[in-house]
Every structure is written in C-alpha cells, then in structure tokens.
Amino acid sequence: MKFSRRTRSWLPRSIAFRLIIAVLAVELLSAVLVVALSFGYERHIHFHAFDVMLHGRADSILGAVQDAEDPGDSLMLDQADLHISPEDIYEVRDQAGRVLGRSANWQGTEIAQGSGAEGPPQPWGEILRPTVNGQRYRVLRMRGSRTVDPGEQGGGKQRTVTIIYGAPTYHVWHAIRGAVEFYAAGSIVLLLVTGPLIAWLLHRGLLPLRQLAALAAQVSVDSWQFSPPASARTTPELAPLTQALESVLQRLERSFVQQRAFVSDAAHELKTAVAVQKSSLQLLNMKRRSAQEYQAGLERCLVDSLRLEALVADMLTLARAESPAPEARRQPGADLAACVRQAIAQLETVAALRGVKVSLAQAAEGASISTVQVPIPFGDCTLLISNLLLNALQHSPSASTVELRLMDEAGSVVLVIQDQGDGIPAEALPHVFDRFYRGDPSRGRNTGGTGLGLAISKAIVHKAGGTIEIASQADANLPSQGTTATVRLPVFSSP
C-alpha cells in the first residue's frame with residue numbers, strides 16, 4: 001500500500017507512538033503465533049486421544065469374535081455384548097474376506113478398500129479419513145488374530161480378522177475450536193489490558209526527555225541558564241544527550257559573548273579612528289590656512305586613513321581565519337621553513353631600525369625539516385610568523401637577539417620564537433590573545449598596532465589543528481628572561 005507525501009506527513013511521528021505501535025504489533029504477532037501453536041497442540045492431543053479410543057473400541061470388537069462351533073472352524077461376531085454408539089461404524093471380516101458383522105449405518109465399500117488412508121500403514125493400524133453421510137469420520141483399520149479350538153493338540157488354529165472401526169470427528173473439532181477460541185480470547189484481553197498500560201509506562205518513561213526538552217527550549221541569547229533535571233543525568237540513554245546539550249550551550253554562550261565583545265570593541269576602535277580623522281578635518285576647516293598647513297593636515301588624515309584601513313584589514317583577516325573553509329577549497333600546505341625565511345625578510349628593516357638581531361636555528365637531531373609542510377596556506381603561515389616575530393621585535397631592547405627555532409616532534413613540527421625583552425606581567429599573560437588587548441599602556445593606538453595580531457595568530461593555528469602558547473616572566477626582583485612563543489602544528493599530508 002502506497003501513501004502520498006501529504007498522507008505520510010499526517011502520520012504520527014512521536015517516539016512514544018512508534019514504540020506503542022511496535023510493542024502492540026509484537027504482542028499481536030505473538031498472540032497469532034500462540035493461537036497457531038495452540039491449534040496444532042490441541043489438534044495433536046485431541047486426535048491422539050481419539051485414536052486411542054478407536055483402538056480400544058476396535059479391541060473390544062476383536063474380543064467379541066468367537067469360534068462358530070462348526071465343522072469348518074470358522075469365526076463369528078457376538079454382537080450381544082457390544083455397546084456401540086449409533087454414530088459409529090464398524091465392520092469385521094475374516095481372512096477369507098467374509099463379513100462377520102457390521103454396523104447398521106455401514107456404507108463402507110470405499111472404507112473397506114482403504115481409500116483416504118492417512119500416511120503409510122502403522123503397526124498398530126491404519127488411519128482413514130472418509131466422509132460418511134456428509135460427515136467427516138476418522139476410521140481405524142487393524143488386523144487381529146483369534147485362536148480356534150485352543151484345547152486341541154498344537155494349541156488350536158490361528159485365524160486372522162480385519163476390523164474397521166470409525167467415529168465422527170465433529171465433536172473433536174468442536175473441542176479443538178473451543179480451546180483455540182479460549183487462547184484467542186485470552187490474547188485479545190491481554191492486548192486490551194497491556195495496550196493502555198504500555199502507553200502509560202512509555203509516557204512515564206519519556207518524562208525525563210520531555211523535561212529536558214522543556215528546559216532546553218527556555219535557553220535564549222538573553223538567558224543561557226540550563227540546569228538539566230537529575231532524572232536526565234541518571235538515565236543512561238539521556239546522559240550523553242544531556243552532556244552534549246550542556247557542552248554545546250556552553251560553547252554557544254562563549255561564542256555569543258565573544259562575538260558581542262568583538263562587535264563592541266570593533267565599534268569602539270572604529271569610532272576612535274573615525275573621530276581622530278574627523279578632528280583633523282575640523283581643525284583644518286576652522287580658519288584659513290597656508291598651503292603648508294593644509295599639506296600637513298592632509299598628511300595626518302592620510303595617516304589616520306591608513307591606520308583605519310589596517311584595522312579593517314586585520315578584522316577581515318581575523319574573520320577569515322576563524323571561519324571554517326569548505327573541504328573542497330582547502331589550499332595545499334605551506335613549507336614552514338620557507339614561511340619563516342619570508343617573515344624574517346619582510347621584517348628585516350624593522351629589526352635593523354631597532355638594532356635587534358634575528359637568529360634562525362634548526363634543532364632536528366639529524367633530521368632536516370627544511371621542507372616540512374604544515375596545513376596552512378602560505379600567506380596565512382607567513383602572516384602567523386610575522387605577527388609573532390613583529391611582537392618580539394617591538395618588545396626587544398637594542399643589541400638583543402630574537403631567536404627562532406624549528407624542532408621536529410612525533411607527527412608535528414614546533415616553532416619557537418624567543419626574545420630578550422622585559423617580558424609580560426603575570427596579570428596580562430592570560431589576555432594576550434584577546435582581541436584589541438594591549439598589555440603595554442604606553443603603546444596606544446598611535447604607537448602600537450590594532451591589538452588583533454595575536455588573536456589572528458591564534459585563529460590561524462587553531463584552524464590548522466595546532467596549539468599556540470606564550471610564556472613569559474616579568475618581575476622587578478628577577479632578571480628578565482624575555483617572552484617565548486611556542487607554536488605546534490601538525491605535519492600536512494596530501495589527500
């Protein structure tokens with residue numbers, strides 16, 4: 001039977017309804033199986049007892065066969081002591097085929113010839129199933145022997161007789177039908193009783209799921225409170241779902257909070273840059289100025305525009321680094337050593353102006369990592385190293401050294417950038433990867449960067465499946481050990 005799409009859409013889809021239907025279907029199938037098995041069992045038991053009865057009555061007729069007391073030593077059937085049901089039929093023949101006796105309702109020409117035999121002849125007799133007077137009969141045909149003149153020499157003479165005895169089977173089928181109807185009625189009553197009981201039990205059993213769904217529906221962008229019920233935590237089937245919901249909601253909450261903070265910080269940074277540029281233009285427009293003054297003012301506006309452009313570019317870079325790229329658009333891996341050399345070349349002028357030496361060392365213990373590929377596009381890889389190296393150069397004193405080291409680990413490559421600067425205070429260290437965070441108060445918007453460099457670096461590393469850490473020590477009572485940035489990246493393997 002086929003259903004249209006509209007018809008299927010109206011079918012109940014709840015788990016409880018499906019479970020109830022499934023359980024009732026299994027019970028119905030079990031009931032049908034029980035009724036079928038009970039029919040086979042009752043039929044076997046009743047007809048076995050019926051065959052035993054036929055055999056007993058045939059034996060009683062055999063006992064009524066006696067010597068005829070004639071010179072030919074023939075047999076006779078004494079029917080005086082036989083008590084046969086009027087519906088039963090029988091016939092007795094001797095070994096010569098002579099009829100010794102039969103019932104008044106005998107119509108057994110076909111019976112005597114053995115038509116309707118049920119299976120091969122059995123040692124204790126042959127079962128026939130003829131139709132007599134429109135009724136089904138079950139007939140036993142058996143052979144027996146009687147001894148004639150047992151007092152003579154040799155123990156007498158053995159004579160063989162054939163006895164055919166049958167009885168109608170309608171009362172047997174009536175008993176079988178009654179037993180099967182009893183089983184069927186019991187199964188129906190069981191279904192009627194267990195159906196509502198199963199529905200109630202499933203309703204109670206799914207209560208923790210409904211409670212969990214109700215609490216999850218209350219979560220919104222303004223309210224992240226989610227306290228799953230204890231029944232959901234202790235239910236083995238719901239515990240993984242509960243933990244997954246808690247984890248997902250926690251990550252979503254952190255993402256929303258981070259997004260709101262980013263939007264707020266970005267708006268503040270952009271507002272400040274636009275306000276500075278606006279002030280410069282208003283200052284030029286306050287009175288008539290000379291060409292040199294206009295030239296200086298326009299240069300300040302150009303500097304402000306460049307700073308605003310750099311801020312927007314960094315924000316776009318951060319958004320691109322944090323967005324997952326489709327698998328089909330993933331770029332091939334980049335050579336990490338080549339990216340390091342490219343970043344050093346780009347910042348060579350900055351290092352020279354600050355009087356800082358940049359040193360590159362490889363500690364691979366006999367294994368060259370000059371061509372190790374990492375799962376980052378070349379441009380992003382160079383940007384990552386440039387941000388870290390620029391941060392180290394800006395915080396390094398003159399005549400110091402910034403050391404870069406490439407090391408090989410099991411299944412990954414490690415880049416370490418270490419400077420000899422004053423270090424980062426302990427209270428500022430947990431926030432160095434926050435967006436728009438500037439740990440040095442003296443490095444404001446005019447002398448420092450946009451505050452997105454380390455955030456971009458972290459996004460690039462996490463997108464590649466790696467880790468980035470910054471360790472530092474800044475204490476007035478201890479000699480400075482500088483700052484160390486450690487980046488671990490997996491080795492890129494081409495698909």
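Listing for the model above:
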read-out	value
Any hit, region 308-323, residues being basic (Lys, Arg), modelled with pLDDT under 80, within 17 Å of Leu384 (Cα to Cα) and surrounded by fewer than 17 Cβ atoms within 10 Å (Cβ to Cβ)	yes
Members of region 384-413 found to be farther than 23 Å from Ala351 by Cα and in contact with an Asp or Glu (Cβ under 8 Å, 6 or more places away or on another chain), listed by number	Asp408
Filter result for the condition that a residue is in the same structural domain as Arg138 (by TED's automatic domain parsing) and either modelled with pLDDT of 90 or more or surrounded by 15 or more Cβ atoms within 10 Å (Cβ to Cβ) (or both), over Ala22, Ala49	Ala49
Any hit, region 109-118, residues being within 60 Å of the chain's Cα centre (by Cα), modelled with pLDDT of 85 or more, in the same structural domain as Leu54 (by TED's automatic domain parsing) and at negative phi	no
Residues of region 79-97 satisfying the condition of being crowded, with 20+ Cβ neighbours inside 10 Å and among the polar types (S, T, N, Q)	none
Residue check for Ala455: touching a Leu at 6+ places or on another chain (Cβ under 9 Å) and modelled with pLDDT under 85	yes
Top-ranked residue in region 60-78 [being free of Cβ contacts under 8 Å to residues at least 40 places away in the same chain and in a helix (DSSP H, G or I); ranked as surrounded by the fewest Cβ atoms within 10 Å (Cβ to Cβ)]	Gly63
Residue match in region 248-255 (condition: in a loop (DSSP other than H, G, I, E, B) and either farther than 28 Å from Phe433 by Cβ or out of contact with any Gly (no Cβ under 8 Å at 6 or more places or on another chain) (or both))	no
Residue count, region 377-405 (criterion: more than 21 Å from Gly421 (Cα to Cα) and not in a loop (DSSP other than H, G, I, E, B))	6
Per-region count, region 203-249, residues farther than 21 Å from Ala16 by Cα and more than 23 Å from the chain's Cα centre (by Cα)	11
Region 406-421, subset surrounded by 19 or more Cβ atoms within 10 Å (Cβ to Cβ) and part of a loop (DSSP other than H, G, I, E, B), residue modelled with the highest pLDDT	Asp419
Residues of region 167-207 classified as in contact (Cβ under 8 Å) with a residue 24 or more places away in the chain and farther than 30 Å from Phe47 by Cα, total	9
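The values are calculated or read from the model by the stated rules, or taken from the named source; none is laboratory data. Since this is a predicted model, take the numbers as computed values, not measurements. Note that each Cβ is placed from the backbone with ideal geometry, even for glycine, and that neighbours are counted across all protein chains shown.
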